[in-house]
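Engineer: Pasting a structure here, questions to come.
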Amino acid sequence: MKQKENEQDTIITNFITHYTVMILEIPMTNQEKFKYLTEILY
């Protein structure tokens, strides 16, 4: 059971990391980037 939770956490972390990298590569102001990240995370 614990193993399954860890896998899910890893998937979520990878997903967030992937999106963070994508967003950071888009030319935007830092404020816009921050807004995007907060919308994804919450």
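Nothing in this text is a laboratory measurement; each read-out follows from the coordinates by a stated rule. For clarity, every value in this text was computed on a predicted model and none was experimentally measured. Positions of Cβ are generated from backbone atoms using ideal geometry, with glycine treated the same way; all protein chains shown enter the neighbour counts.
Engineer: Note the angle between two axes, namely the Cα long axis of helix 2-25 and the longest principal axis of the Cα atoms of the chain, as a number of degrees from 0 to 90, rounded to the nearest 10.
Structural biologist: On a 0 to 90 degree scale, this one is about 10.
Engineer: Here's something else I'd like to know. Using only Cα atoms, what Kirkwood radius does the chain have, in angstroms?
Structural biologist: When all Cα pairs of the chain are included, the Kirkwood radius is 11.3 Å.
Engineer: Starting from the Cα of residue 30, step 7 Å along the direction of its Cβ; do the same at residue 16; then give the gap between the two resulting points in nm.
Structural biologist: A separation of 2.1 nm, rounded to one decimal place.
Engineer: Given a Förster distance of 22 Å, report the FRET efficiency between residue 8 and residue 41 from their Cβ-Cβ distance, rounded to the nearest 0.05.
Structural biologist: 0.85
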